[in-house]
Amino acid sequence: MLGPLRRSLAEIATLLRSLVRRHPGISVLLAAAFGAHVAVIVSIAGQPLEPSRYSTARAWIWPLHNDTVHRRGPGADFFALYEAGRSVRRGHSAYDREPMPEAPHAYAYRYLPALASGVGAPLSRLAPKHAWWLWIALLEVLLATTIAQIALLSRRRVTVWASVLLLLSSPYFLELHMGQFTFASCALAVLAAIWTEFRGGRTSAAAAIAAFASAALLKVFPLVTLPAFARTARGAAVGALAAVAVGAVALPGFALHPDDWETFRRINFSAPVGGLDAGNYGLSYVAHLLLAPEGGWAEESWQRLVLVWQWGLLFSTAGLVVMARHPGLLLGAATLLLAHFLSYVHVWEHHMSGALVAVLAAALVAEREGERGALAVLLACGTLLALPTPFWLLDSALDPRVWDPSTGWPSWQRALLASSKALPLLLAFGACLWVLLRQGVGAPRLLSGSQPDWAASPPAALPRRD
């Protein structure tokens with residue numbers, strides 16, 4: 001990934017110099033967004049890892065999110081990886097829970113054993129807080145790379161809008177607080193699509209393969225974008241080699257501890273249970289609230305329904321991406337990522353940090369293709385995804401001892417909270433399908449190698465009309 005990154009840095013430096021010279025007002029806006037971003041990051045990283053229940057030494061974002069107030073933290077998801085890495089270093093399974101008094105509370109590990117071996121084990125050699133700070137720094141580098149790539153391919157409106165939204169994204173700040181991996185997985189998948197579709201040469205292809213494989217090793221869901229990659233010869237090669245790399249890295253961990261596969265499968269692919277609380281922002285949860293406001297679903301019926309919805313939406317979206325005459329890879333990948341978030345039953349607020357990247361990637365395509373209506377919808381949805389939810393208005397007690405503060409709320413308040421993210425996701429998905437299907441559908445043209453006219457030139461040569 002270093003070749004495209006170095007080239008991007010040189011190009012973005014040129015772009016910034018031009019922006020400062022020609023649009024000083026926009027430069028001030030971006031500088032203010034960057035300053036606010038840094039200030040919030042410092043407040044997140046400066047928290048004590050185990051603040052007392054009534055501590056005032058908390059990040060500025062603490063009152064804004066269900067998962068900052070009513071869940072473990074900070075860093076509880078990251079320290080699951082840290083704990084798993086330490087277990088692997090001791091020759092145990094990544095899923096073994098061992099006492100770790102030197103580190104904060106952590107959730108149970110649910111990711112690939114290879115991630116624990118390749119990332120968790122080295123990080124677990126550092127002091128807990130230093131390891132968490134390093135993870136935050138890595139995410140910041142990835143955020144900067146994502147902003148740079150979108151800016152290099154877009155005109156002024158999307159460049160500024162995307163930069164401000166990503167710098168001030170409330171779900172991204174929550175992602176850092178939790179030590180999560182969703183933003184990283186989505187950003188790497190989108191970067192892989194960009195480097196495949198808009199960059200030529202072996203170096204960019206190798207970077208795309210590394211980014212795609214890394215995305216799937218962090219969380220397996222980016223593999224849903226494979227149908228989009230399969231539509232061109234270059235994309236199919238990138239997707240296939242990335243999938244092979246994921247298998248080559250992941251399988252030895254399961255071979256070393258055969259029982260780990262059953263644990264991984266059960267945690268990640270069994271029928272969904274629970275999660276119907278104030279932390280859920282999924283479309284499935286909104287449907288649950290509207291169709292059974294008093295919790296009238298039988299558990300077995302609910303599980304069957306959400307599994308049918310999940311696989312039905314993913315497969316139908318994959319079919320549309322494959323059959324669409326629109327030749328773009330990036331738009332198809334963004335659409336499939338949004339389909340994943342819409343279909344999943346356990347959708348948390350931090351997931352919106354990754355969904356926002358997919359929405360902005362689709363906005364980039366809409367802008368380049370002159371789809372003004374779709375672009376307006378996508379930017380509006382991206383703004384709603386980046387903003388805090390109404391949680392801070394609804395939960396006046398902010399009591400960390402309570403798991404679900406919405407237990408006593410009326411159904412309309414619970415539905416309002418969940419809809420604040422679920423509906424923008426649905427609208428953005430609809431806008432993606434609109435652009436994707438405008439040219440119609442037909443027999444699959446796999447390995448066609450076709451691409452939009454505006455993607456045929458290197459990004460630096462693209463006209464930047466204001």
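Rundown of residues vs (1) of a type in the set (A, V, I, L, M, F, W, C); (2) within 14 Å of the chain's Cα centre (by Cα), yes/no style:
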| site | (1), (2) |
| --- | --- |
| Leu167 | yes, no |
| Ala184 | yes, yes |
| Val190 | yes, yes |
| Arg202 | no, no |
| Ala206 | yes, no |
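Note on the range 28-37: residues that are surrounded by 12 or more Cβ atoms within 10 Å (Cβ to Cβ) and without any contact (Cβ under 8 Å) to a residue 40 or more places away in the chain total 1.
Give the residues of the range 278-296 that are buried (at least 16 other Cβ atoms within 10 Å of the Cβ) and either at pLDDT below 75 or in contact with an Asp or Glu (Cβ under 8 Å, 6 or more places away or on another chain) (or both), sorted by residue number. Before you say what the answer is, go through the steps one by one.
So the first thing to find is which residues in the range 278-296 are buried (at least 16 other Cβ atoms within 10 Å of the Cβ), and the list is 278-289.
Within the range 278-296, Ala278, Gly279, Tyr281 qualify.
Close Cβ contacts (under 9 Å, 6 or more residues apart or on different chains) running from residues in the range 264-278 that are in contact (Cβ under 8 Å) with a residue 40 or more places away in the chain to residues that are surrounded by 15 or more Cβ atoms within 10 Å (Cβ to Cβ) and among the basic types (Lys, Arg) comprise Phe264/Arg110; Ile267/Arg110; Asn268/Arg110; Asp277/Arg414; Ala278/Arg414. Remark: Ser406 matches the filter, which requires a residue to be among the polar types (S, T, N, Q), part of a helix (DSSP H, G or I) and under 26 Å from Trp60 (Cα atoms). Taking Ala215 as meeting all but one of (1) closer than 30 Å to Pro104 by Cα; (2) buried (at least 21 other Cβ atoms within 10 Å of the Cβ); (3) in contact (Cβ under 8 Å) with a residue 60 or more places away in the chain, write down the number of the exception. The number of the failed condition is (3). Residues considered: Ala255, Ala215. Of these, the only one that is out of contact with any His (no Cβ under 8 Å at 6 or more places or on another chain), modelled with pLDDT of 95 or more, on the phi < 0 side of the Ramachandran plot and in a helix (DSSP H, G or I) is Ala215. Under the condition of being in a helix (DSSP H, G or I) and either touching a Phe, Trp or Tyr at 6+ places or on another chain (Cβ under 6 Å) or within 21 Å of Leu394 (Cβ to Cβ) (or both), the residues counted in the range 258-293 number 11.
Would you confirm, using the coordinates I've provided, whether Gly370 is of a type outside the set (Asp, Glu) and over 29 Å from His177 (Cα atoms)?
yes
Tell me the residue from Glu140, Glu83, Glu175 that is farther than 30 Å from Ile26 by Cβ and acidic (Asp, Glu), please.
Values: Glu140 fails: farther than 30 Å from Ile26 by Cβ; Glu175 fails: farther than 30 Å from Ile26 by Cβ.
Matching residue, one of Glu140, Glu83, Glu175: Glu83.
Of everything listed in (1) surrounded by fewer than 23 Cβ atoms within 10 Å (Cβ to Cβ); (2) more than 29 Å from Glu369 (Cα to Cα), the single unmet condition for Ala418 is (1).
Taking each residue of the range 69-96 that is more than 30 Å from Ile41 (Cα to Cα) and looking for partners that are among the small types (Gly, Ala, Ser) with beta-carbon atoms closer than 6 Å, six or more apart or interchain, yields Val88/Ala94; Val88/Ala116; Val88/Ser117; Val88/Ala121; Arg89/Ala121; Asp96/Ser87.
The values are calculated or read from the model by the stated rules, or taken from the named source; none is laboratory data. None of the values given here were measured: they were computed from a predicted structure. Here the Cβ is made from the backbone with ideal geometry for all residues, glycine too, and neighbour counts use every protein chain on show.
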